1. Please go through (1) crowded, with 23+ Cβ neighbours inside 10 Å; (2) touching a Phe, Trp or Tyr at 6+ places or on another chain (Cβ under 9 Å) for Ala12 and return the number of the only condition it doesn't satisfy.
2. Among the residues in the stretch 156-171, are any touching a residue at least 60 places away in the same chain (Cβ under 8 Å), of a type in the set (Asp, Glu) and buried (at least 19 other Cβ atoms within 10 Å of the Cβ)?
3. Identify, please: which residue in the stretch 146-170 is out of contact with any Pro (no Cβ under 9 Å at 6 or more places or on another chain), part of a helix (DSSP H, G or I) and within 16 Å of the ligand (Cβ to nearest atom) and is, among those, nearest to Asn118 (Cα to Cα)?
4. Looking at the structure I just gave you, is Val89 under 19 Å from Ala2 (Cβ atoms) and within 13 Å of the chain's Cα centre (by Cα)?
5. Could you tell me how many of the residues in the stretch 190-216 are among the hydroxyl-bearing types (Ser, Thr, Tyr) and either crowded, with 24+ Cβ neighbours inside 10 Å or modelled with pLDDT under 95 (or both)?
6. Failed condition for Lys181, given (1) closer than 21 Å to Pro111 by Cβ; (2) buried (at least 19 other Cβ atoms within 10 Å of the Cβ), with all others met?
7. Can we say Ala180 is over 17 Å from the mean Cα position of the chain (by Cα), within 16 Å of the ligand (Cβ to nearest atom), in a helix (DSSP H, G or I) and small (Gly, Ala, Ser)?
8. From the set of residues in the stretch 120-145 that are over 21 Å from Glu102 (Cα atoms) and within 19 Å of the chain's Cα centre (by Cα), which is farthest from the ligand (Cβ to nearest atom)?
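The values are calculated or read from the model by the stated rules, or taken from the named source; none is laboratory data. What you see is a predicted model; the values in this text were computed from it and never measured. Positions of Cβ are generated from backbone atoms using ideal geometry, with glycine treated the same way; all protein chains shown enter the neighbour counts.
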Amino acid sequence: MARLGVNVDHVATLRQARGTDYPDPVRAAEISVKLGVSCVTVHLREDRRHIQDVDVRRIRAIRGCRLNLEMAPAEEMIQIAFKTRPDQVTLVPERREELTTEGGLDVSAKPEFFKILNKRFRGKGIPVSLFVDPETAQIEASAQTGAEAVELNTAEYSEAKTKKDSAVALAKVKKAARLAKSLGLAVHAGHGLNYDNVGPVAAIKILEELNIGHSVVSRAVFDGFAPSVREMMRLIKSAGKGKR
Ligand code: PXP
């Protein structure tokens, strides 16, 4: 069964909107850990639009919290990761003007760059997951870099407007997952997953981790954070058992 990685970025988005010190993403991380989620994910963006450096340090200090640090493959972030020592880094492409991460890394265009980077992280004992689109070329290139995992971008699946498009996008995720697994990579997935669309993805047995944020924090506005996390855990668990 896939584990849930709760992404708490958008708790910080709400805080940054008013420059207050609430709501606190660290509290969201603490609640998640108490509920037994497998990991807490934060994306420390270069423009610091939501999560701040101090959030990462405080979440790192939560006992029993497995921290997945999402970051651009930029030297500033690499140095922060070396200091903070997350349990895993997920490398993502970043553009300042984007609303959220758009598309996966182009690993096949720069395999040497990622090979060297992965070696540096391995030297520090930090496993690397590469966020890539579910495409054969990207998966094959990722395997050659020595990364431990790939996170398959589910944006195309999540944003599909018709059943047919959704089925086509889901088939791509499944095919990419099988290929990644056969090449020795751990397989994660995420982006745009919500309470309505998570089931078919969570039912893909190969997947080890699903990183989900926006839908959980959005639901929390009305239902509360803990019930929203619990419900997402329930959906993933029941999909993993083959029933919803
Ligand atoms: N995985 C990656 C690599 C991401 O960049 C994001 C967004 O920060 C997520 C998962 C979570 O996406 P969402 O907030 O749409 O659930």
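1. Going through the list (1) crowded, with 23+ Cβ neighbours inside 10 Å; (2) touching a Phe, Trp or Tyr at 6+ places or on another chain (Cβ under 9 Å), Ala12 breaks only (2).
2. Restricting attention to the stretch 156-171, the residues satisfying the condition of being touching a residue at least 60 places away in the same chain (Cβ under 8 Å) are none.
So far as the stretch 156-171 goes, no, none of its residues is touching a residue at least 60 places away in the same chain (Cβ under 8 Å), of a type in the set (Asp, Glu) and buried (at least 19 other Cβ atoms within 10 Å of the Cβ).
3. Ala155
4. On the way: under 19 Å from Ala2 (Cβ atoms): no; within 13 Å of the chain's Cα centre (by Cα): yes.
Against the criterion (under 19 Å from Ala2 (Cβ atoms) and within 13 Å of the chain's Cα centre (by Cα)), Val89 does not qualify.
5. At the first step, the residues of the stretch 190-216 found to be among the hydroxyl-bearing types (Ser, Thr, Tyr) are 195, 215.
Narrowing further to those that are either crowded, with 24+ Cβ neighbours inside 10 Å or modelled with pLDDT under 95 (or both): none.
Result for the stretch 190-216: 0.
6. With (1) closer than 21 Å to Pro111 by Cβ; (2) buried (at least 19 other Cβ atoms within 10 Å of the Cβ) applied to Lys181, the lone miss is (2).
7. Numbers: over 17 Å from the mean Cα position of the chain (by Cα): no; within 16 Å of the ligand (Cβ to nearest atom): yes; in a helix (DSSP H, G or I): yes; small (Gly, Ala, Ser): yes.
Judged against the criteria, Ala180 is not a match.
8. Looking only at the stretch 120-145, we keep the residues that are over 21 Å from Glu102 (Cα atoms), and these are 120-127, 143-145.
From what's left, within 19 Å of the chain's Cα centre (by Cα): 121, 126-127, 143.
Numbers: Phe121: 16, Ile126: 16, Pro127: 15, Ala143: 18 Å.
The qualifying residue farthest from the ligand (Cβ to nearest atom) is Ala143.
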